Amino acid sequence: MRIIGLLIVIAFGSLLRYGVFFFPEWGDPASPPSLHVSPHYIEEAIAETAVPNLVTAVLADYRGYDTMFETTVIFAAGLACFMLLRVLQRQVPECRLYRHIPTGITLRIEKGGKLPTESGSFERIDSNWVPHDLIIKSTSRFITPFLQIFALYVIAHGHHSPGGGFQGGVILGAAVIMYAISYDLRRSIQRIGEQATAVLGSAGVLIYAGTGALCMVLGAAFLDYGALAGLLGVDPVMARSHGMLIVEIGVGIAVSAVMVWIYYNLSSAGRHDEGL
Amino acid sequence: MGVELFSDIASKYNYLGVVILMMIGLYAMIAKNNLVKKIIGMNIFQTAIILFYVSTAAKRGATIPIIRHGHNGHGHEVIHAAEYINPLPHVLMLTAIVVSVATLGVALALAVKVYHQYGTLEEDEIRGQLRNK
Amino acid sequence: MNTILSLKPLLAVLTSLLAVPGIILSRSPNVREGWTFAAALAKFGIVVSMIPMVLSGVRLEYTLAEVLPGLGITFRVDAFGMLFAVVASSLWIVTSAYSIGYMRGLQEHSQTRYFCFFALALSATLGVAFAGNLFTLYLFYEALSFATYPLVTHHQDREARSSGRKYLFYILGGSIAFVLPAMLVAYHLTGTLDFTPRGFMGGIESKSTLLVLLLLFVFGFAKAGIMPMHSWLPAAMVAPTPVSALLHAVAVVKVGAFCVVRIITGVFGTDLLAAFHFDTLICVIASVTILTSSLIALTQDELKRRLAFSTIGQLSYIVLGVALLSQAGMTGGMLHIAMHAFGKITLFFCAGAIFVATGIKHISGMVGIGRRMPVTMGAFFLGSLSVIGLPPAGGFISKWHLVLGTVQAHQYAMLVVLLASSLLNAAYFLPIVYRAFFCAPGEAMFENRIAEAPVWCLAPLVVTAVGSVVLFFYPQPFLRLAALAVQTMTGGG
Amino acid sequence: MENLSPHFPALIIIVPLIAALLTSAAGWLNRRLCFHFAALGLFTSLLVSTGLLASVLDKDVILYRLGGWPAPWGILYRIDRLNGLVLVVIFFIAFLNLIANKRTVEESFPEQLGGFYALYVLFVTGLSGMVATGDAFNLYVLLEISSLTGYALIGIGHERAPLAGLNYLFMGTIGASLYLLGIGFLYLMTGSLNMTDIASLLPGFYGSPVMVLAFLLCMTGLFIKMALFPLHAWLPNAYSFSPSASIGVIAPLTTKVMIYVMIRMTFDVFTPDFSFKMMHLGEVMVWLAVAAIIMGSLFALAQTRLKRMLTYVIIAEVGYMVGGFWLGNRMAVTGAVLHILNDAVMTLCIFLAAGAVVYQICGDDFEDLKGLFRKMPISMAAFTVAALSLIGVPPTCGFFSKWYLISGGIAAGHYGFVVALLFSSLVNAVLFFRIIEIGYFEPFSEGEGGHGVHHGPPAMEIREAPAGMLACLLLAAVSLIVLGIYTGDIVTRIIDLAIPPAI
């Protein structure tokens, strides 16, 4: 296998290397990609969409349709992980483990034993010893709000600076994942349940697709945000900018929710217990 | 000839890097025995392609594609295409990155499932188990 | 020659198809058989109603659908097709009656399935008879193969399975591997597949191409049983006897012979064959089959197998006759379709009747049986006369024309073949009759108190036996059709 | 309806997309709605795509600017007769298979209905988007949607399904990445992603090795995706271990849509001039196809399980279409396009029949099929029709596409291809009659108590498949014959006009 692999790689690689000879020079301002389609974006985007961040303008408007499916890809991945891994038929465990939070002692309750009352001083755990690290927990608790605000900023400010729905959504999702890592999965799921992630995931994509469909209902092409001008009370160019913001929010919701969803399933192999 | 080759390499070294990276990924996918290593190889392969696209966006002497003074009074100043790098490949690669993340997620999910089924991620061991059945 | 649009050919094909739902959904066997008869009679009526028009030189045509550009499922009734259709549809009525007697007499299983596929097979047969182009012919030929498969393998046992396999292997293999490519090449070269009275391959110059195509067609239509594509036929004898009768006298093998004749006349055309001297080649192939199969038939002890080998030989008569390309020879070949059908079906009915009444399959067991079953064996005698070609049976007429044809075509070697094979025919049929009537029956015959078969079995075989005698005295309908067909094919000369 | 009809090209993709999202949400809120959302979405799309086909028959080409942006800058949908036809086929098959497998899905994934149906509908969305789009990169995104959902739909099966799914994922990702790289090369040369735009710019680069490389990369990627021999190895395992409900849509559609994409790329992006005349690839490709046909048929002969055997038949069928297409004459290309349509319906029918059998007897070993004609006569009748079509017996549609393919082979003088086709017809006859024989001749093995082999329900309990499944199966079987009879119309009214006149 190794030798076959090596042969394929060498053959394929040298073919590509040969192709590179005929490439335009790197960074050549006269290369076709720099001359054909892109100048229009650079020169006209601000007049047509009022968005200075060209990447956002192209991403969410000129090629907004691609981006809608990009979000769908993420959503599909979430669904796929859910379908592949999630174990819903739960068998009753042999024994349950609880930790007494003030003391850190682990209680082991055999099948049929009496469960501790939900007093708040016990928490359910899944393995004999779950590290209980005050520093990590406190730090992550401290960071989380900042992280979330930063995420919202990245989503909202994508028009003017690097950023946008994907980046912000991932950061937002990372905040939850960090929480799940520093505490445990069970607690994280109590806060943001699986159902919420799944529904939010589809809702996010639905915001995107729905915006597009709304444009269609208003008589323009699908995702032609200019049609929203009447609804938003701005001129068509500005309406494009606003339309992009709406879909970016949708993307943000979808990406953050699905990231969390994927993490839940992947880290616990679909059992949603202790996690990593 | 030698000089030509050298100048060619000098002016396109990033493409060469891309090719090398791509081949590393491909080799890992073909030759590695461990499924997770294959997944890593797959990711390297995809990343190489992303780098290739981003390379095509570059323009000498241009800056990132965010219009300066864009927010105040749009469209008054003349914007020259040569001043900003090409935003399109970046957009495309944002999509490709997302796709590769999604693929990675699904691949890992499948690998987890395989691991639970066979208790190993080494391909030859799995094949051995299948043969013995 | 004028052509008119008419729905009748389509109706004739569809009648038995339309009876299938009725057959499947019928609650009682009597209603089911009622459907079969209704369809058989309706079909016969439609076919017969077309005869006057055909005889007056009109061609009836109907295109069902244009499936490929310039190529449709087209029905066109000409004299030759008509001849075959009359034979098939009239004998279906008789066979249906016989089937009822046989199947009920032996209490066979899955009778509904049997009658259902029987009807399907008849639809396909008429489709072949009325096919207006090679494609339609091929379509119904294949349909017939698949409709008869469950009939051949009716018993669903190990033997049926292996025969069914053999049957499909030869028939399907021949049609897919030989006929289909040949048809495509022909279409590619000429741009048409429509049968014309003088053939449509006239434009092709290359002798080798023509030769290859001809051989592919002749051997590809394996139902015609030309050696070496014949061995499915004896194997298919495991089927219930009415099926064998249908296979050998009416539908399957005649369809094969019919197809070969169509290829010779409608695709290549007599002029083309004569120009390249392919006629002699086909004659030789046919005569080899005739002689070999007759010799093999002599050695068979199982009655149905003997009949099967006899059939292989008789089919080649048809091919031989047409390949002689002489007026009388072609008339004889076509007539032989009808004459042999009546004769052979009688023989099979007799074999079946004997089996129903006594359970005997082998000739050696039939010594003295004529005294117990005089009607059956009398009919058997008439049938064998017809197949041998002796008066007063219809077979004489066709054989007479064939012999005349060899003389007309100056193919004296073929004359010898014909006469020799007639002697062989006599040699394998007459001893059966002789021993049945004139030898003393064995002990077993008395013990089992054997009597005639049930009347449902008996009546049809009497009808067909009488039919073949009547055809000797009154062959006009078939003779006129055949003569008309030959006239159009050879250009009125 | 009046004001919606210009939006048809977008609607065929948007409706199932939104349906998938609603289905997924419904999975958490009200599980009974899932099926209805999915079915409604696909049915609407079926209607819309039919309408689209009807209007494209008069209008030649319908363009739709997504986001309202003109061509090279925005994404353009381009519906012509050819993909109009393919779209109808996609939705027809997806809808029929969905209805047929309602029961099996409910029994296999009672808790995850929403997830399954959402994946299913997304998969179809991806495929239809690939077919409709006029943008090379958009195609990649949609390709990945259908692939990702496809991996999941396959991976949720049992036995070796996850491993097979993972292997499929590796191969599929390489394929898609190669395609992406090829598009990257094209972008580097032309600066454009719109197919028509690229095609208009390419003539300047006809001699360039980069262009040749781009072509080869795209094609290799697509060949992997369509499982062309020798890149087929992922297919049999992936298809044979997946649930009936997913395979019923994946098997008929994936390879066929990939072949359509190949046709689209060669015609609309690289132009027939370049693809056929300058690449000199035709001969090689046809021989590869011949190898695919022969090897697929031979491997199929060696199998002892029904579904697995069918997967090898699919590989052979891919050879039919690829070979026919690369013969490059009008007849053969017509045949290849026609076969996309016919083979999709045939594969649907045969997999539905196999699905019905597997559902009822819980196994697909040849041994399990004994006596089935008696137990499930209607399913087996439909199976027989599909088998006849795969063998190529008139008047089923399989015969007519084979007719065109062989005619094309004869016209091109490529007798190897002709022989391969005939060979595969004969092998198919052997394959299917072997099964029919087992079902017809061998008595049902009355499972006397507990002999270990028979793991399904006892013989007495085996009955016909559920009514819904049976109805869809019969509809598929009947459509095989209807398609066959209307071949003439389909060819003259749609396919003939869809193939560029240059061929």
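The values are calculated or read from the model by the stated rules, or taken from the named source; none is laboratory data. Please read all numbers here as calculations on a predicted model, not as lab measurements. With ideal geometry, Cβ positions are generated from the backbone for all residues, glycine too; neighbour counts draw on all protein chains shown.
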message: Exactly one condition in (1) touching a Leu at 6+ places or on another chain (Cβ under 9 Å); (2) closer than 30 Å to A:Leu228 by Cβ is false for A:Pro32; which is it?
response: (2)
task: Would you check which residues across the range D:161-173 are within 7 Å of chain B (Cβ to nearest Cβ) and either surrounded by fewer than 24 Cβ atoms within 10 Å (Cβ to Cβ) or modelled with pLDDT under 90 (or both) and list them?
output: D:Phe170
query: So is A:Tyr153 over 29 Å from D:Ala19 (Cα atoms) and either without any contact (Cβ under 8 Å) to a residue 40 or more places away in the chain or assigned to a helix (DSSP H, G or I) (or both) or not?
result: yes
- request: Could you check, for the range D:3-19, whether at least one of its residues is within 13 Å of chain A (Cβ to nearest Cβ) and in contact with a Pro (Cβ under 7 Å, 6 or more places away or on another chain)?
  value: no
query: Can you name the condition, by its number, that B:Ile20 falls short on among (1) under 21 Å from the mean Cα position of the chain (by Cα); (2) facing chain A (nearest Cβ under 10 Å); (3) within 30 Å of A:Gly78 (Cα to Cα)?
result: (3)
query: Considering D:Ala251, D:Ala300, which residue is over 30 Å from D:Ala132 (Cβ atoms) and hydrophobic (A, V, I, L, M, F, W, C)?
result: D:Ala300
- line: Residue hits (the range A:30-59; within 7 Å of chain B (Cβ to nearest Cβ) and free of Cβ contacts under 8 Å to residues at least 24 places away in the same chain) are A:Pro33, A:Ser34, A:Val37, A:Ser38, A:Pro39, A:Tyr41, A:Ile42, A:Glu43, A:Ile46, A:Leu54, A:Val58
message: Quick test for you: out of D:Ile145, D:Ile154, pick the one residue that is at the interface with chain A (Cβ under 8 Å from one of its Cβ atoms), assigned to a helix (DSSP H, G or I) and at pLDDT 90 or above.
response: D:Ile145
field: Among (1) in contact with a Phe, Trp or Tyr (Cβ under 8 Å, 6 or more places away or on another chain); (2) in contact (Cβ under 8 Å) with a residue 60 or more places away in the chain; (3) not in a loop (DSSP other than H, G, I, E, B), the one test that C:Ala257 misses
entry: (1)
task: Scan the range C:64-95 residue by residue and report those that are closer than 17 Å to C:Leu14 by Cβ and in contact with a strand residue (DSSP E or B) (Cβ under 6 Å, 6 or more places away or on another chain).
output: C:Leu64, C:Ala65, C:Gly72, C:Ile73, C:Thr74, C:Phe75, C:Arg76, C:Val77
statement: In the range C:214-226, anything within 18 Å of C:Val255 (Cβ to Cβ) and not basic (Lys, Arg) is listed as C:Leu216, C:Phe217, C:Val218, C:Phe219, C:Gly220, C:Phe221, C:Ala222, C:Ala224, C:Gly225, C:Ile226
- request: Could you please let me know if A:Tyr225 is buried (at least 23 other Cβ atoms within 10 Å of the Cβ) and within 12 Å of chain D (Cβ to nearest Cβ)?
  value: yes
query: Among the residues of the range C:199-218, which ones are crowded, with 21+ Cβ neighbours inside 10 Å and not in a loop (DSSP other than H, G, I, E, B)?
result: C:Leu213, C:Leu214, C:Leu216, C:Phe217, C:Val218
- prompt: Given A:Gly104, A:Gly13, A:Gly27, A:Gly5, which one is on the phi > 0 side of the Ramachandran plot, facing chain B (nearest Cβ under 7 Å) and not aliphatic (A, V, I, L, M)?
  reply: A:Gly27
Unmet requirement for A:Asp235, which otherwise passes all of (1) in contact (Cβ under 8 Å) with a residue 12 or more places away in the chain; (2) among the charged types (D, E, K, R); (3) in the same structural domain as A:Ala156 (by TED's automatic domain parsing): (1)
- prompt: Residue check: is B:Ala102 under 25 Å from the mean Cα position of the chain (by Cα) and more than 7 Å from every other protein chain (Cβ to nearest Cβ)?
  reply: no
Qualifying position, being touching a Phe, Trp or Tyr at 6+ places or on another chain (Cβ under 8 Å), among the basic types (Lys, Arg), touching a residue at least 40 places away in the same chain (Cβ under 8 Å) and in a helix (DSSP H, G or I), among C:Arg305, C:Arg262: C:Arg262
message: If I filter the range A:69-78 for residues that are in a helix (DSSP H, G or I), in contact with a Pro (Cβ under 6 Å, 6 or more places away or on another chain) and at the interface with chain B (Cβ under 9 Å from one of its Cβ atoms), do I get at least one hit?
response: no
- prompt: How do the pairs read when you match residues in the range C:72-92 that are outside the structural domain of C:Val466 (by TED's automatic domain parsing) and under 13 Å from C:Gly127 (Cα atoms) with residues anywhere that are assigned to a loop (DSSP other than H, G, I, E, B) and at pLDDT 85 or above, using Cβ under 6 Å and keeping only pairs 6 or more apart or on different chains?
  reply: C:Thr74/C:Gly132; C:Phe75/C:Gly132; C:Arg76/C:Gly132
- request: Read through the list (1) under 16 Å from A:His159 (Cβ atoms); (2) in a helix (DSSP H, G or I), then give the number of the only condition that A:Val234 fails.
  value: (2)
Scan of the range D:250-292 for residues that are aromatic (Phe, Trp, Tyr), part of a helix (DSSP H, G or I) and modelled with pLDDT under 90, ordered by number: D:Phe267, D:Phe274, D:Phe276
message: Consider the range C:449-480. How many of its residues are over 17 Å from C:Trp400 (Cβ atoms) and assigned to a loop (DSSP other than H, G, I, E, B)?
response: 6
- prompt: Which condition breaks for C:Ala459 when tested against (1) under 30 Å from C:Thr3 (Cβ atoms); (2) touching a helix residue (DSSP H, G or I) at 6+ places or on another chain (Cβ under 8 Å); (3) surrounded by fewer than 19 Cβ atoms within 10 Å (Cβ to Cβ)?
  reply: (1)
